[in-house]
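Everything below concerns the one structure shown next.
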Amino acid sequence: MNEHTSTSRRDFLLAGFATAAAVGCSDSTNPFTPEMAVAPSGEKVKLLSVTGEIIEVDKAFLKPVPDVPQLSNAEERKGIPGKKFVMVIDLARCKNLRKCQSACNHMHRVHSGQNWIKVLSMQDGEHTAPYWQPTTCMHCDEPPCVKVCPVDATFKRQDGLVLIDSDRCIGCRFCMAACPYSTRVFNWGDPGVTADVADQHYSCETSMPQKKGTVGKCDFCPDMTRRNELPHCVSACPNGVFFFGDMNEDSVSNGAETFRFSDLIKDKAGYRLMEDLGTKPSVYYLPPVNRNFPYESGL
Amino acid sequence: MKKLHHNILKLLVTLCCFATAGQTANAQSDSVPATKIIRMHYYNVNNSMQYILLESQLKKEKTFTPQANKTYNLYLDSAANLVAMLKTDKDGKAKAFIPPTLKAAWEGSSQHTFIVKEGDEELVSDYVITKSKIDIDTANEDGARVINVSVMKMDNNEWKPAAGVELKVGFERLGGILSAGDEETYTTDSTGTVKVTVTKDSLPGNEKGIITIAARADDNETFGNLLAEKNISWGLPTEINTHFFDQRALWTTRFRTPIWLLAMAYSIVIGVWGTLIYLIFQVIKIRKLGRT
Amino acid sequence: MENITTLTSEQITKDLMPQQFGRNGKIWVAILVLICLIGAYAYYLQLKDGLIVTNMRDYVSWGIYISNFVFFVAISLVGSLITAVFRLANVEWSTPLTRIAEIIAVSAITFASLIIIVDMGRPERLLNLFAYGRIQSPIMWDVIVITTYLFISILLLYIPLLPDLKIMGEQDTKGPKWLKKFYRFLGSFWKGNPAQEKISNKSITILCILIIPVAFCIHTVTSWLFATTYRPGWDSTNFGAYFISGAFLVGAGAVVTAMFVVRKMYSLEKYITEEHFDKMGKIVVLLALLYLYFNVNEYLVPAFKMKKAEEGHLDELFTGQFAPLFWFAILVGMVIPILVLVTKKGRKPLPMFITGIMVVVGAWFKRYLIVTPTLLHPFLPMTNVPENFKHYFPSWEEWAIALGSLSGALLIITFFVRIFPIIPIQETITQQNEKATS
Ligand code: SF4
Ligand code: SF4
């Protein structure tokens, strides 16, 4: 069962599942938390298997949501190897409920009045139909915001995410001017984070706690994906508007439904915002056709 | 036979029912009845590891608030068999494994009831789970890849086919299972099996083309959550291309600045500052000339 | 310069010596210090509470701090114009103006760097720029080029000052002891022998050549802070030239203003003559025309096409809420000065002074118009934000800090004029001797 010598993390994950697949093997994993993503405590506990055998698991799995290992800043800057995150937003399903927004604001303790996700009322031309368009950070592959940052405080990782190091940001706001999607917000005053996270060490992956005089924005919740869970906005949306996944796996999921990314984009004619700017966003939109809700229901 | 309930169990605890009687819906928040809700989920992973996940919430009007730091006792079948003493975390969740000491009790029956008590108050007494197992088999029929999933249930100490179980069958992906066939879900037939012909070919796997097949039942009324996984080399071998990240570009970190930019910047800086340093020496020279 | 030729070197030295502040001078300094103190207090508030004390918000994320910064950078360019270009072109009449220009450049660029620190959300992390500096970012280019320009400007101020420092040190005027010591420390080694003069002349020539590309860089890079983004109104290939021409204009305007004040205060009518004003007037006209040309380019071409993204922005400038300011900046900053200064009468000292002020004030608002209206017209609609995010008018703290920085720059110039001869003594003497012998 010890195939754990393989180099890439992707292999690790699969190896983890491989051991789990062998019935009766003592190193089983929680399906929703890949073994390698968990910080093992080193302590084993004995427990009873379905078939009445006695097996051992790491004590870390006793927690409902096992702790993921504390990552160093260098690791957070590198990203999750082998991943390339992608989001698909289905405009046909959005009715401006903004559950995504409130979940995001709550989970990231976003300063009240500011939002990392905005749901915009769009109308492209005079006689074209209006629709609701949620916008997150596009995690551009040619990110203009990263280009202009003077101190590497905002950076792009190998998994495609564009994150912010609030411990380094000097607050010049050049990135805000550079982002054509106006997605970045600034902590003009005290960010007013709640007591439970205020003393935490800042992590680029949770973007918490926000700090005065630095920028903030949507981070695609890498702390969740490390645990094999979906970002907060994706799971919060009751209409399943958001799909999230890994381009390297060619799939996106909103929790209830999972699609092959390439098929979905092909069948529904997915597109990206402001393609002409050359920013190469990681967020794709499905056009608002055959809508689930009329535009007016979101007003 | 005991009546099986839906796994979401609600217990109504009316807090201030007298105070609220006859008041409007807009009554003060502390006078609205709050409902204590305990949700139970049983998990069976690859017919091996099994556990119970307990969620404790308070429902007030339409909002659910997780109840953290609550202690509950979980019993198997009767108050004699303590499974675990649980304390909820900040999300109001707690997880319990069945300890080896309950081996006899676990093996003694094909159906088990989980009981939750808070102190002496019995909050859940009708969460019943039937023992089951789930297996994946793969085959190649006339060139078509086929996944066969069978679900068996324990009945009178014998494994019998479990019909009518709704399953997701497909490939393990970030955040969900990508269905292998054309349906989103499948239901087992009278032999307890589903047969899925794989229509999604050439999905990327790892470097060796290994991909994980998964079959999952979510919150089944009888069996709880079941998951079976199997690795198979049906995927496309995919090299992870890090060229994108390793290139020198305008958006990379300061360690991967494009060479042309470095050359330009340094040549200008060195040229200008070289001259400036030369000029400073000239000033020093003037100084020296004045001293002698 | 007929009237100078009759003067002896002693007379020139006496005339050009810095003088103590009179009553007006003292009032002037007091007012400037007061404004600076208010600005400092406002900055203290900002340090304490964060940038929340400003009225900048997520959409208008750059406000008058940045436009003030651009203004300072622009005005500092004048040092290179008057000193370097004229010196290299052997324009002799410019001698009395060089030092005025250089001190304006030094003080402006000093305050440009200060105001940009004021704009930072985390000024205490300034050193991150050196610890983690990323050369891909135009901000880094700006940091490098501003430091360089400041350094060159100081050298260009200092080296020609050497002979005068010697004269100052030797004068037995009453001035305070420390001032004497200061002069001696800076320039006592200057003996005026041919070897020294040769090195100094050569150094000045090198500096004059060097400062021109650096000056172009500093303002081009500043324009790129905007032009490297996608925003309507900034996304322009014209921006570098547009900024530089504007900078030359405002710089020339500033020199004209300073000339007038210095001339009045120190009664230097013999040295800064009407001819100087006349010539500067022509230069201002030329520069204003040039800037006007670039303005036409900058606004007419996009207005001709009216791309959707540009439309809202341009409408707002031409006819919307920014229209009064926009037309004010165009008329007062360019058109009226041109009309006044093309006439011979307009190039007399007093009208020149007034147009000089108009040019400078117009330029300040022009910078504001370059920065703010663009930010109010993002590509995606402004929704899901509090109402005050959609407008911008600077808070009193912003005004106080911006005005404080302007006063600070004026204060530096004032003290410089108090301590050092604002018109090069030695050079004037030499020039006059040359004239006499020829
Ligand atoms: S959407 Fe904006 S903030 Fe996000 S990566 Fe693109 S440019 Fe940067
Ligand atoms: S505000 Fe912070 S993250 Fe943005 S460009 Fe400046 S230093 Fe970088």
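The values are calculated or read from the model by the stated rules, or taken from the named source; none is laboratory data. Predicted, not measured: the structure shown is a model, and the values here were computed from it. When we count neighbours, we look across all protein chains shown, and the Cβ atoms used for this are built from the backbone with ideal geometry, even at glycine. Side chains are part of the model used for accessible areas, which takes the heavy atoms of the whole protein and leaves out ligands, DNA and RNA. Shrake-Rupley method; radii C 1.70, N 1.55, O 1.52, S 1.80 Å.
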Query raised in the report: Around B:K70, which amide H atoms from residues at least 5 apart in sequence, or from another chain, sit under 5 Å from its own amide H, with H modelled in the peptide plane?
Result: B:T88
Report summary line: Among residues of the stretch A:200-228, a drop of 50 Å² or more in 1.4 Å probe accessible area, assembly relative to the chain on its own, occurs for A:K212, A:N228
Query raised in the report: Can you list the lysines whose alpha carbon is less than 23 Å from that of C:K14, not counting same-chain residues fewer than 8 positions off?
Result: C:K26, C:K166, C:K174, C:K177, C:K180, C:K181, C:K191, C:K264, C:K270, C:K435
Report summary line: the stretch B:112-178: Kirkwood hydrodynamic radius (Cα pairs, Å) comes out at 15.4
Report summary line: Rounded to the nearest 10 Å², the 1.4 Å probe accessible area of A:E75 is 90
Report task. Would you mind computing, in nm to one decimal, how far apart the modelled labels at A:D276 and C:I154 are, each placed 7 Å from Cα along Cα→Cβ? Result -> 4.8
Query raised in the report: Using just the C-alpha positions of chain A as equal point scatterers, what log10 of I(q)/I(0) does the Debye formula give at each q in 0.11 1/Å?
Result: -0.72
Query raised in the report: Over the Cα atoms of chain B, Rg to Rh with Kirkwood Rh, two decimal places?
Result: 1.30
Query - Occluded residues from the stretch C:61-77, i.e. those whose accessible area drops by 10 Å² or more once the chain is not alone (1.4 Å probe) - result: C:S61, C:W62
Report summary line: log10 I(q)/I(0) for the stretch A:116-229, Debye formula on C-alpha points only (no solvent), q = 0.11, 0.16, 0.17, 0.21 Å⁻¹, two decimals, reads -0.40, -0.78, -0.87, -1.19
Query raised in the report: Which residues of the stretch B:164-178 show a drop of at least 20 Å² in accessible area when all protein chains are present, compared with their chain alone (probe radius 1.4 Å, heavy atoms only, ligands and nucleic acids excluded)?
Result: B:K168, B:E172, B:R173, B:L174, B:G175, B:L178
Query - Cα centroid separation, the stretch A:252-299 to the stretch A:176-210 (Å) - result: 27
Query raised in the report: What is the set of long-range amide H partners of B:A180 at a cut-off below 5 Å, with H atoms built 1.01 Å from backbone N?
Result: B:V169, B:G170, B:F171
Query raised in the report: Is the shape of the stretch B:36-157 best called rounded, prolate or oblate, per the rule: a/c under 1.5 gives rounded, else a/b larger than b/c gives prolate, else oblate, with a ≥ b ≥ c the square roots of the Cα gyration tensor eigenvalues?
Result: oblate
Query raised in the report: Just from its helices, what would the mean residue ellipticity at 222 nm be for the protein assembly as shown, if runs of 4 or more DSSP H residues each count -39500 (n - 2.57) and the sum is divided by every residue, rounded to the nearest 500 deg cm²/dmol?
Result: -12500 deg cm²/dmol
Query raised in the report: If you bin every alpha carbon distance in the stretch C:191-331 into 10 Å steps from zero, what whole percent lands in each bin?
Result: 10, 25, 29, 20, 10, 4, 1
Requested in this report: Give me the aspartates and glutamates in straight-line cross-link reach of C:K348: C-alpha distance below 16 Å, same-chain residues under 8 apart excluded.
Outcome: C:E269, C:E274, C:E275, C:D278
**Report entry** Heavy-atom accessible surface that A and C bury in contact, both chains counted, 1.4 Å, Å² to 100
**Finding:** 3700
Query raised in the report: Between B:D137 and A:N239, what is the label-to-label distance in nm when each label sits 7 Å out along the Cα-to-Cβ direction?
Result: 4.5
Requested in this report: From other protein chains only, count the Cβ atoms within 10 Å of every residue's Cβ in C:185-193, then give the mean.
Outcome: 3
Report summary line: Whole-percent tail of the Cα-Cα distance distribution for the protein assembly as shown, cut at 56 Å, equals 32
Query raised in the report: Between the helical axis of C:95-119 and the dominant principal axis of chain C, each derived from Cα atoms, what acute angle in degrees is found, rounded to the nearest 10?
Result: 30
Report task. Send over a whole-number figure in Å² for the accessible area per residue of the protein assembly as shown, probe 1.4 Å. Result -> 42
Query raised in the report: What lysines could a cross-link reach from B:K153, if we take a straight Cα to Cα line under 21 Å and drop same-chain neighbours fewer than 8 places away?
Result: B:K2, B:K3, B:K103, B:K131, B:K133, B:K168, B:K195, B:K230
**Report entry** At R0 = 45 Å, FRET efficiency that the Cβ-Cβ distance of A:H106 and C:Y44 yields, to 0.05
**Finding:** 0.80
Report summary line: Counting Lys and Arg as +1 and Asp and Glu as -1 over every other residue whose Cβ sits under 11 Å from the Cβ of C:Q46, the net charge comes to -3
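Per residue of B:234-241, how many C-beta atoms from partner chains lie within 10 Å of its own C-beta, taken as a mean?
3
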Report task. Estimate the FRET efficiency between C:L325 and C:M382 by the formula 1/(1 + (r/R0)^6), using the beta-carbon distance for r and 30 Å for R0, to the nearest 0.05. Result -> 0.90
**Report entry** Under 5 Å, built H, 5+ apart or other chain: amide partners of B:D155
**Finding:** B:K160
Report summary line: Between chains A and B, the summed loss of accessible surface on complex formation, probed at 1.4 Å and reported to the nearest 100 square angstrom, is 5100
Query - Shape call, the stretch C:87-139: gyration tensor on alpha carbons, a/c limit 1.5 - result: prolate
Requested in this report: May I ask which of A:K59/B:K95; A:K118/A:K147; B:K285/C:K202 have a Cα-Cα span longer than 19 Å here?
Outcome: A:K118/A:K147
Query raised in the report: Using every alpha carbon pair in the stretch B:132-232, what percent of pairs falls into each 10 Å bin from 0 up to the bin containing the largest distance?
Result: 16, 50, 27, 8, 0
Requested in this report: Give the angle, between 0 and 90 degrees and rounded to the nearest 10, that separates the Cα long axis of helix B:259-291 from the longest principal axis of the Cα atoms of chain B.
Outcome: 40
Report summary line: Expressed as a whole number, the average count of other chain Cβ atoms within 10 Å around the Cβ atoms of A:111-119 is 3
Query raised in the report: Once the other residues with Cβ under 12 Å from the Cβ of B:K87 are scored (Lys, Arg +1; Asp, Glu -1), what is the net sum?
Result: +3
Report summary line: Full extension between B:K103 and B:T275 adds, at 0.36 nm per residue less the Cα distance, a length in nm of 53.4 nm
**Report entry** Space enclosed by the convex hull of the alpha-carbon atoms of chain C, per residue, Å³
**Finding:** 159
Query raised in the report: Which length gain, in nm to one decimal place, applies between A:A269 and A:D67 when the Cα-Cα distance is subtracted from 0.36 nm times their residue separation?
Result: 68.8 nm
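Order the peptides C:206-218, A:119-131 from the highest to the lowest mean number of other Cβ atoms within 10 Å of their residues.
C:206-218, A:119-131
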Report summary line: Measure of exposure for A:H106: accessible area at 1.4 Å probe, Å² rounded to 10, is 120
Report summary line: Expressed in square angstrom to the nearest 10, the accessible area of C:F130 with a 1.4 Å probe stands at 140
Query raised in the report: What does the charge add up to near C:L207, with Lys and Arg as +1, Asp and Glu as -1, over the other residues with Cβ less than 11 Å from its Cβ?
Result: +1
Query raised in the report: Hey, any idea what % of chain A's accessible area is carbon plus sulfur with a 1.4 Å probe?
Result: 53
Requested in this report: Keeping the other protein chains in place, figure out the carbon and sulfur percent of the accessible area of chain B, with a 1.4 Å probe.
Outcome: 54
